[in-house]
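The values are calculated or read from the model by the stated rules, or taken from the named source; none is laboratory data. Only a predicted model underlies this, so the values are computations on that prediction, with no experimental measurement involved. Counting neighbours? That spans all protein chains shown, and the Cβs are built from the backbone with ideal geometry, glycine included. Just so you know, the surface numbers come from the protein's heavy atoms only, side chains and all, with ligands and any DNA or RNA stripped out. Shrake-Rupley method; radii C 1.70, N 1.55, O 1.52, S 1.80 Å.
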Amino acid sequence: MNADLFPTYRGRMEYFCLGCGKRYPADELYYTCPDCGGVFLLDNLDFAELKKTSGEEWRRVFDARAASKRTALRGVFRFYELMAPVLEEEDVVYLGEGNTPLVESSPALNAATGLRTAYKNDGQNPSASFKDRGMACGFSYLRALIRKHGWDSILTVCASTGDTSAAAALYASYVGGAITSVVILPQGKVTAAQLAQPLGSGAVVLEVPGVFDDCMKVVEHLADNYRVALLNSKNAWRILGQESYAFEVAQWFDWNLRGKCVFVPIGNAGNITAIMAGFLKLLDLGIIDALPRIFGVQSHHADPVYRYYAVDDPKERRYAPVTVTPSVAQAAMIGNPVSFPRVRHFAEKFEAVAGPGSFQVVQVTEQQIMDSMIQANRNGHIACTQGGESFAGAKRALELGLVSPDELCVLDSTAHQLKFVDFQTMYFENTFPPEFGVTPDTSLANRPVLVASPEDKARLSPDEFTRTTADAIVARLGLEKK
């Protein structure tokens with residue numbers, strides 16, 4: 001198998017409904033089961049063919065592809081056979097997604113927390129979030145459909161709190177042609193930086209009063225009644241692309257996941273679904289010999305999945321949506337995750353293989369999320385608020401005795417820190433609205449210090465102003481002359 005050639009293997013994909021078990025062909029746009037309304041997974045009917053290649057050989061191929069300069073194999077599709085092996089090379093969209101670094105925390109941070117942690121910085125994707133992984137796969141599939149059916153016009157639609165809209169608009173603007181991008185956002189619930197991205201990519205941006213769940217209902221209605229391409233995590237092709245996160249984590253550790261725990265914000269539950277699915281595929285093919293432990297993390301302001309798993313007896317568990325309250329982890333502020341049935345499906349598979357405790361959900365407070373984000377960034381990371389949620393989850397898991405200091409906690413920072421500077425500013429200036437319940441830790445808070453007055457700048461000569469300002473800095477910092 002030449003690792004620098006586009007694969008010749010092709011699978012046969014079908015949609016599989018988690019609700020009623022019915023199957024549908026994968027050459028059409030489906031989001032929920034027409035029969036029962038259940039969510040879909042995509043099933044490769046020829047997956048068993050991949051088992052004819054040994055785990056050792058797959059490791060060699062994927063490692064070799066990591067250095068490939070072939071465009072279609074440079075991103076998430078270097079794991080082509082494991083994701084969407086029905087696409088042709090001409091269909092593959094690559095904008096630089098995937099291959100995000102995994103950065104181990106400094107000794108000082110580990111000593112402060114009693115944990116061994118490492119961030120996978122998915123904010124270093126093209127639109128600055130993990131959503132690019134799924135969009136690369138979703139738009140590649142859409143490109144194939146447009147080519148196959150000869151469509152001259154298709155509307156892509158998504159509901160978003162920011163990251164999905166940025167990714168969808170970016171990939172739509174690149175593919176262009178028949179595609180027009182529309183994003184629907186909750187009015188006033190998206191940061192200025194996140195709003196700027198879809199506008200900059202040329203999407204039609206529509207605002208709806210309410211929260212993400214209100215926007216999602218509108219998008220679902222459109223997808224159920226009109227020919228549009230829905231790009232939220234109901235789109236099973238997006239979930240496939242996000243499995244690449246699991247493949248990259250495994251590859252980073254030379255395919256050895258023993259003693260590793262992965263912490264993931266739950267949000268709409270698509271990412272944690274994809275990550276579990278990806279690790280299970282690697283295990284099934286013998287590419288890895290052990291699963292990591294998976295921890296979902298939710299804020300107490302949006303915690304339906306935590307509440308479900310907080311009941312010890314599986315027979316007594318009942319899932320119920322919750323009404324969310326404001327959260328700094330905006331991308332995770334979702335009270336009724338559409339992918340919850342997928343979470344339950346893969347959690348059961350995880351525990352069947354790796355035993356009790358291999359999948360768990362922890363709850364954290366808004367205060368813990370913000371403190372953790374600031375603490376991580378004070379120690380050399382670029383964590384967003386969702387990255388703070390992951391870190392807070394790891395600290396909470398240690399507090400509860402669910403992880404040990406000997407295990408390595410891989411933390412998912414889903415987006416770039418700069419998308420969430422508004423929350424950092426509120427933290428430093430102690431201006432959080434009361435409904436967030438966040439008070440800054442004064443040892444972490446930071447504000448710019450004015451070291452010279454505008455009056456000095458106006459009345460002094462340039463040289464005098466330079467000396468006066470420098471003298472003020474010397475006095476403040478206690479500098480000694482050379």
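The apolar share of the surface of the range 151-231, taken as the fraction of accessible area on carbon and sulfur atoms (1.4 Å probe, ligands and nucleic acids excluded), comes to 54 percent. For the range 192-218, backbone nitrogen atoms closer than 20 Å to the point 7 Å from VAL421 Cα along Cα-to-C-beta are found at 192-201. What the Cβ-Cβ distance of VAL311 and TYR24 gives, at R0 = 41 Å and to the nearest 0.05, is a FRET efficiency of 0.80. Each of GLU455 and TYR226 was given a label point 7 Å from its Cα along the Cα-to-Cβ line. The distance between the two points is 6.1 nm.
Under the criterion of Cα pairs below 8 Å and six or more residues apart, the relative contact order for the range 32-182 equals 17 percent.
If we sort 295-307, 246-258 on the protection proxy, mean other Cβ atoms within 10 Å, highest first, what's the order? Mind dumping the intermediate values first?
Working: 295-307: 24.2, 246-258: 19.0.
Result, highest mean Cβ count within 10 Å first: 295-307, 246-258.
How would the chain be classified by its alpha-carbon gyration tensor: rounded, prolate or oblate, with rounded meaning a/c under 1.5 and the a/b versus b/c comparison settling the rest?
Working: a/c = 1.60, a/b = 1.48, b/c = 1.08.
Prolate, because a/c is 1.5 or more and a/b exceeds b/c.
Computed with a 1.4 Å probe over protein heavy atoms only, the accessible surface of the chain comes to 41 Å² per residue. Across the chain, Cα pairs under 8 Å and at least six residues apart give a relative contact order of 15 percent.
FRET efficiency for the pair ARG60 and ILE473, taken as 1/(1 + (r/R0)^6) with r the Cβ-Cβ distance and R0 = 56 Å, rounds to 0.50. Simple rule: put +1 on each Lys or Arg Cβ and -1 on each Asp or Glu Cβ in the range 1-60, find the dipole, and look at LEU50, LEU5, PRO34; the Cα lying farthest toward the positive end is LEU50. Quick check: net charge around GLY355, other residues with Cβ under 13 Å of its Cβ, Lys/Arg +1 and Asp/Glu -1? That sum, taken over residues with Cβ under 13 Å, equals 0. Neighbours of SER443 by Cβ distance under 11 Å: Lys/Arg scored +1, Asp/Glu scored -1, total -1. Here the Karplus relation 6.51 cos²θ - 1.76 cosθ + 1.60, evaluated at θ = phi - 60°, turns the backbone of the range 401-417 into coupling constants of x, 8, 10, 10, x, 7, 7, 9, 9, 8, 9, 8, 9, 6, 9, 7, 3 Hz, with x for every Gly and Pro. Taking all protein chains as shown and a probe of 1.4 angstrom, LYS189 keeps an accessible surface of around 70 Å². Across the alpha-carbon set of the range 38-188, the Rg to Rh ratio works out to 1.03, Rh being the Kirkwood radius.
Rounded, prolate or oblate: which fits the range 71-143, taking a ≥ b ≥ c as square roots of the Cα gyration tensor eigenvalues, rounded meaning a/c under 1.5, else prolate when a/b beats b/c? Intermediate values should be presented prior to the final figure.
Numbers: a/c = 3.61, a/b = 2.88, b/c = 1.25.
Note, shape of the range 71-143 comes out prolate.
For CYS409, nonlocal amide neighbours, meaning residues 5 or more places apart or on other chains whose placed amide H falls under 5 Å from its own, are ARG116, THR117, ALA118, CYS261. Is the shape of the range 106-153 rounded, prolate or oblate, going by the alpha carbon gyration tensor and its root eigenvalues a ≥ b ≥ c, with a/c under 1.5 for rounded and a/b larger than b/c for prolate? Taking the square roots of the gyration eigenvalues as a ≥ b ≥ c, the range 106-153 is prolate. Partner aspartates and glutamates whose Cα lies under 17 Å from the Cα of LYS395, excluding those fewer than 8 positions away in the same chain, are identified as GLU104, GLU366, ASP371, ASP406, GLU407, ASP412, ASP441.
Ranking GLU455, GLU57 by solvent-accessible area of protein heavy atoms (1.4 Å probe, all protein chains present), from largest to smallest, gives GLU455, GLU57. Within the chain, the whole DSSP H helices whose Cα atoms reach 24 Å or more along their own axis and whose mean Kyte-Doolittle score is at least -0.5 are 131-149.
At a 1.4 Å probe radius, carbon and sulfur cover how many percent of the accessible area of the range 372-430?
Numbers: 900 of 1880 Å².
Carbon and sulfur atoms account for 48 percent of the accessible area of the range 372-430.
For ASN110 and ASN256, the FRET efficiency from 1/(1 + (r/R0)^6), where r spans their Cβ atoms and R0 equals 22 Å, is about 0.65. The packing ranking of peptides 463-473, 167-177, highest mean first, is 167-177, 463-473, where packing means the average number of other beta carbon atoms within 10 angstrom of each residue.
Seen from THR431, the other residues with C-beta closer than 14 Å to its C-beta sum to a net charge of -2, counting Lys and Arg as +1 and Asp and Glu as -1. Structural descriptor for the range 361-482: relative contact order 22 percent, calculated from alpha carbon pairs under 8 angstrom and at least 6 residues apart. Between the range 80-144 and the range 267-291, how many Å separate their Cα centres? Distance between centres, Cα-based: 14 Å.
The amide H of GLY210, built 1.01 Å from its N in the peptide plane, has GLN187 as neighbours under 5 Å, considering only residues 5 or more places off or on other chains. Heavy-atom surface analysis with a 1.4 Å probe gives the range 69-132 a carbon and sulfur content of 46 percent of its accessible area. Spatial offset of the range 182-224 relative to the range 22-52 amounts to 28 Å, using the alpha carbon center of each.
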